[in-house]
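Rule-based calculations on the coordinates, nothing more; no lab input. Values in this document were obtained by computation on a predicted structure and should not be read as measured data. Cβ coordinates were reconstructed from backbone atoms using ideal geometry, including for glycine residues, and neighbour counts include every protein chain displayed.
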Amino acid sequence: MIESKIIQQLMESNSIAIVSHENPDGDCVGSMLALYLALKRKGKNARMFLKSNVPKNLRFLPAAENIEVVDRIDVKFDVLVLLDTGELERTGIENIENCYSKLINIDHHVTSEGMGDLFYINSSSAATGEIIYQIVKLMGIDNDKEIATCLYTSIFTDTGGFKYSNTTSITHQIAGDLINTGIDFVYIINKVFDEMSLSKFNLLKDVLQTLELFEGNKIAFLTVTREILKRNGASRDETENIINFAKNIEDVEVAAIFIEEEEENKIKVSLRSKYYIDCAQVAKEFGGGGHIRAAGFTSRNASLDAVKENLLRRLKRDLR
Ligand code: 5GP
Ligand code: MN
């Protein structure tokens, strides 16, 4: 069983680094922290690295303050664990390819092929946190409230609160198990999902004004310019989930949000669909990836208008 091999490798290693993707989300941070805490419980020397800051709404999570935000890694670890992405480049961390002896990749994206010495890619898992849940359990760690808090966050965020089509009965069983450890899920959900800073509230007001609708309202676009972010004193991670407002409009099948990054002509695009558009496929064609109903890509060499035009043309082809 691949999980046992992964655990064996981790237990044989003295130094372990855990990394995940740029612009981290709840699943990324939650699964990193859960694995980190489990390894610590086993007396292992583990460290966590991210290129971007931990989003504000996730900073309450246990051990979140131990995540090191870095541009590059120059230390060598026995094992590097890459979570929630199948591409080392998506960590955005320089020199990462030279910082390990063995690489373990754990992910749930349908577009991930798996990489490294050991990999476990399960696209039927709603979140990477579901896979980490199994691994932690197999490590013999049960009923750990701190780990459960992180895993619940992973699963809650990646399923949009058990609402997205990736949610399964197993997702609910795991969530039930996590609740049985006594976690304060009301607090977690409020912190992670509902509560927002005033700057996020103001950002939301402005971004909603950018709505563009096409093809009889089946396609919806939202735009976050650098200027909008700056004007509201909002951080990049506060754009998370705004896309759902566009997706939720009646008649909309697919929504996209275009986020201007610091670098000129670098635009992050997120895609969400309601019933049939394969976002993973579309994102893949633009050099990205993800899941069938939620995917994304980054465009690096075209103007905002050109990216919109290209995507609109591509999405029109799949409309029914
Ligand atoms: P989001 O749009 O919220 O950034 O991401 C939606 C889903 O698509 C996430 O599971 C995320 O990991 C994936 N995704 C977003 N951007 C990229 C990308 O550039 N490449 C790949 N492979 N996946 C992406
Ligand atoms: Mn995920």
Of the residues Thr159, Thr223, Thr210, which exhibits the maximal mean-square fluctuation in a Gaussian network model of the chain defined by a 10 Å Cα contact cut-off?
Thr210
Restricting to aspartates and glutamates and to Cα separations under 18 Å from Lys274, and discarding same-chain partners fewer than 8 apart, the set is Asp158, Glu212, Glu215, Glu240, Glu250, Asp251, Glu253, Asp318
Would any residue of segment 271-301 have its amide N under 11 Å from a label point 7 Å out along Cα→Cβ of Ile189? List them or say none.
none
Provide the FRET efficiency to the nearest 0.05 for the Leu211-Val75 pair, computing r from the beta carbons and using R0 = 45 Å.
0.45
Quick check: from the Cα gyration tensor, does segment 37-120 come out rounded (a/c under 1.5), prolate or oblate?
rounded
Among the lysines, which have Cα under 28 Å from the Cα of Lys230 when same-chain residues fewer than 8 positions away are ignored?
Lys51, Lys56, Lys191, Lys200, Lys205, Lys247, Lys266, Lys268, Lys308
Order the peptides 300-313, 91-104 from the highest to the lowest mean number of other Cβ atoms within 10 Å of their residues.
91-104, 300-313
Cα gyration tensor category, rounded, prolate or oblate, for segment 198-316 with a/c compared to 1.5:
oblate
Ranked by GNM mean-square fluctuation in the chain (Cα springs under 10 Å), the top entry among Asn244, Asn180, Asn23 is Asn180
Would the chain count as rounded, prolate or oblate if I go by the C-alpha gyration tensor, calling it rounded below 1.5 in a/c and otherwise prolate when a/b exceeds b/c, oblate otherwise?
prolate
When the helices in the chain are scored as -39500 (n - 2.57) per DSSP H run of 4 or longer and the sum is shared across all residues, what 222 nm value do you end up with, to the nearest 500 deg cm²/dmol?
-10500 deg cm²/dmol
Computed FRET efficiency, Cβ-Cβ of Asn14 and Asn180, R0 35 Å: what is it to the nearest 0.05?
0.55
Taking R0 as 25 Å, what's the FRET efficiency between Arg41 and Ser101 from their Cβ-Cβ distance, rounded to 0.05?
0.60
Rounded to the nearest 5, the percent of DSSP beta bridges in the chain running antiparallel is 40 percent
Taking segment 1-88, which trypsin sites (Lys or Arg not before Pro) meet the DSSP loop condition and have no more than 12 other C-beta atoms within 10 Å?
Lys76
